[in-house]
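A short write-up of the structure that comes next.
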Amino acid sequence: MADQKLYAGHAIRRIRRANGLTQVAMAKSLEVSASYLNLIERNQRPLTAPIMLRLAQRFDFDARTLTGATPGGGVEAIKRRLSDPVFGDLSIDKTQIEDWIAAAPDAAEAFARAFDRLTTGGKSDHREADALAAVRDEIERWRNHFADLDVQAEKLADELRLQSGDLYGAITERLRVKHQLSIRILPSEVLPNHLRRLDLHARQLQLSEMLDPASRSFAAAYQLAQLEAKDEIAALVKGADFAERASERFYDRHLTSYFAAALMMPYARFLRACEGSGYDIKLLQRRFGAGFEQVAHRLTTLQRVGARGLPFFMIRVDRAGQSSKRYVGASKSPLAQSDGRCPLWQLHHAFDRPGRLETQLVELEGGERWFTLSQGVEPKAGREGLVTAEFVVGLGIEASQADRLSAARGIDMEGGGAMPIGLGCSRCTRVNCVQRSAPPAGRTLVFNDSERGPTPFSFTGDED
């Protein structure tokens with residue numbers, strides 16, 4: 001992470017206030033000007049190594065506080081929450097949010113927690129949900145790109161390629177020779193409730209026969225990650241400093257999966273294939289022996305300094321519209337950040353068209369346009385007569401950058417063909433939407449017994 005700049009204005013401000021110092025006094029102690037310290041506290045300048053050294057020498061503080069999560073997830077995250085219609089009559093710009101975080105970081109964090117809790121049902125005893133939210137915040141703090149894991153996985157992938165062109169076979173052999181673990185494929189009736197099981201007594205990694213080849217490769221890569229990247233993963237988990245043990249376990253699982261995907265789709269080779277094919281997902285699946293969801297997830301991680309891919313977001317939903325995966329990455333898209341979704345988004349139609357890639361140009365209320373791709377996926381683990389899980393995986397990128405995609409060829413990104421959508425009915429103020437199922441929050445309902453429009457909900461701001 002040496003190539004990443006560290007902005008920690010809120011932490012520096014907290015240290016200064018805890019020591020009862022003015023900016024002038026602290027600046028003198030750190031051997032910088034007061035104006036420069038002011039810029040640091042406002043996150044307009046990064047911390048340099050000499051300043052960090054002086055901080056450590058002259059103030060009693062925990063250095064981990066400098067790399068902790070920004071209050072409320074940062075300016076963009078607070079701005080997203082304030083975009084809720086309930087705050088529609090307030091004119092809060094980015095500068096005010098920056099000032100708020102700098103002046104009262106704990107208050108900003110308290111607002112973020114309260115808002116998130118109220119918008120997810122107002123319950124305070126959902127520790128698992130809170131644990132997942134903490135993990136999601138940590139992943140987004142890294143923009144879902146873990147450079148050290150990528151480098152290690154890439155090096156290991158190169159070693160395995162020298163042994164064999166068959167990645168699964170090479171991983172199998174490495175597990176056998178280096179770790180004394182064999183892989184055994186077992187009938188579904190032997191592993192009725194498991195896809196993967198590690199039997200240390202028998203020195204076996206047992207995989208269900210219901211797993212397809214891509215899932216088998218991933219399961220084997222996941223096991224290798226647990227064995228050969230455990231120290232690096234443990235360091236990242238420790239550095240996150242979670243309050244809940246559940247968060248640590250979820251985060252460990254995410255990082256192990258990240259390494260497994262990076263092993264199957266090594267960064268440099270995968271990025272070259274993306275750029276050479278116009279991010280053709282089907283081609284990428286075949287070339288790297290991966291599934292649609294695996295490729296989609298990998299596309300959100302391409303943020304290596306000096307070799308960045310396109311900034312995709314990814315979301316996975318079920319038929320009820322509930323999301324089980326959301327990766328905003330470098331896209332900062334509200335479509336992935338929001339808990340609400342619009343039924344006019346083609347994402348929801350993909351359930352009825354299995355195996356078909358759906359593409360759509362959508363436009364949010366503020367005029368922001370996104371090009372999205374979605375496809376239904378069914379985990380290959382269900383048996384005949386049992387419930388089969390169904391999900392849709394969606395990808396998206398800003399329309400202004402979509403011209404590099406093979407799937408977007410021939411689509412006018414600036415024309416009038418974009419589908420107007422919102423972030424769920426409670427956050428959408430589009431008038432006369434026939435698909436509306438609830439009124440927008442923060443708007444006054446209007447009732448007129450003499451008229452009936454296309455929606456039962458009329459509210460202030462409606463057109464006649």
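Considering (1) buried (at least 18 other Cβ atoms within 10 Å of the Cβ); (2) assigned to a loop (DSSP other than H, G, I, E, B); (3) not basic (Lys, Arg), the lone condition that Ala402 does not fulfil carries the number (2).
Results for (1) modelled with pLDDT of 90 or more; (2) of a type in the set (Ser, Thr, Tyr), shown as yes or no for each residue.
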residue	(1), (2)
Ala402	yes, no
Arg409	yes, no
Pro420	yes, no
Ser426	no, yes
Arg430	no, no
Cys433	no, no
Phe447	no, no
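Filtering the range 80-95 to residues that are surrounded by 13 or more Cβ atoms within 10 Å (Cβ to Cβ) and not in a loop (DSSP other than H, G, I, E, B) leaves Arg80, Arg81, Leu82, Pro85, Val86, Phe87. For the residues Arg341, Arg356, the requirement of being out of contact with any strand residue (DSSP E or B) (no Cβ under 6 Å at 6 or more places or on another chain) and either in a helix (DSSP H, G or I) or farther than 21 Å from Ser277 by Cβ (or both) singles out Arg341. Residue-level analysis places Glu128 among those that are at pLDDT below 85 and either surrounded by 17 or more Cβ atoms within 10 Å (Cβ to Cβ) or in a helix (DSSP H, G or I) (or both).
Here are Leu236, Leu191, Leu207: which of them is among the aliphatic types (A, V, I, L, M), assigned by TED's automatic domain parsing to the domain that holds Asp137 and part of a helix (DSSP H, G or I)? Even if it seems obvious, please write down each step before you answer.
Details: Leu191 fails: part of a helix (DSSP H, G or I); Leu207 fails: part of a helix (DSSP H, G or I).
Being among the aliphatic types (A, V, I, L, M), assigned by TED's automatic domain parsing to the domain that holds Asp137 and part of a helix (DSSP H, G or I) holds for just one of Leu236, Leu191, Leu207, which is Leu236.
Only one entry in Val305, Val377, Val328 is within 20 Å of Trp142 (Cα to Cα) and touching a helix residue (DSSP H, G or I) at 6+ places or on another chain (Cβ under 6 Å), namely Val328.
When the residues of the range 96-125 are filtered to those that are among the charged types (D, E, K, R), under 21 Å from Ala438 (Cβ atoms) and in a helix (DSSP H, G or I), the one that is modelled with the lowest pLDDT is Arg117. Answer yes or no: is there a residue in the range 182-193 that is β-branched (Val, Ile, Thr), surrounded by 16 or more Cβ atoms within 10 Å (Cβ to Cβ) and over 25 Å from Val151 (Cα atoms). There is at least one residue in the range 182-193 that is β-branched (Val, Ile, Thr), surrounded by 16 or more Cβ atoms within 10 Å (Cβ to Cβ) and over 25 Å from Val151 (Cα atoms). The one condition from (1) part of a loop (DSSP other than H, G, I, E, B); (2) closer than 23 Å to Leu156 by Cβ that Ala214 does not meet is (1). Each residue in the range 299-325 was checked for being closer than 20 Å to Val75 by Cβ and touching a Ser or Thr at 6+ places or on another chain (Cβ under 9 Å), and 2 of them qualify. Against the conditions (1) under 24 Å from Arg81 (Cα atoms); (2) part of a loop (DSSP other than H, G, I, E, B); (3) not aliphatic (A, V, I, L, M), Phe447 satisfies every one except (1). Against the condition in contact (Cβ under 8 Å) with a residue 24 or more places away in the chain, of a type in the set (Lys, Arg) and crowded, with 20+ Cβ neighbours inside 10 Å, how does Arg341 come out, does it pass? Judged against the criteria, Arg341 is a match.
Within the range 253-284, being within 19 Å of Gly169 (Cβ to Cβ) and surrounded by fewer than 16 Cβ atoms within 10 Å (Cβ to Cβ) holds for one residue alone: Arg269. Screening Ser277, Ser247 for residues that are farther than 19 Å from Asn144 by Cβ, in contact (Cβ under 8 Å) with a residue 24 or more places away in the chain and in contact with a helix residue (DSSP H, G or I) (Cβ under 7 Å, 6 or more places away or on another chain) leaves exactly one candidate, Ser277. Restricted to the range 359-379, and to residues that are in a loop (DSSP other than H, G, I, E, B) and among the charged types (D, E, K, R), which residue is nearest to Val295 (Cα to Cα)? Looking at residues that are in a loop (DSSP other than H, G, I, E, B) and among the charged types (D, E, K, R), I get Glu378. Being under 21 Å from the mean Cα position of the chain (by Cα), of a type in the set (Ser, Thr, Tyr) and either surrounded by fewer than 13 Cβ atoms within 10 Å (Cβ to Cβ) or within 30 Å of Glu209 (Cβ to Cβ) (or both) is the requirement here; does Ser437 meet it? In short, no.
Looking at the range 54-79, which of the residues that are within 25 Å of the chain's Cα centre (by Cα) and outside any helix (DSSP H, G or I) is modelled with the highest pLDDT?
Gly74
Counting only residues that are closer than 28 Å to Val237 by Cβ, free of Cβ contacts under 8 Å to residues at least 12 places away in the same chain and among the hydrophobic types (A, V, I, L, M, F, W, C), the range 152-179 holds 1 of them.
The values are calculated or read from the model by the stated rules, or taken from the named source; none is laboratory data. Note that the structure is predicted; figures quoted are calculated from it, not measured. Quick reminder, even Gly has a Cβ in these numbers, built from the backbone with ideal geometry, and neighbours come from all protein chains shown.
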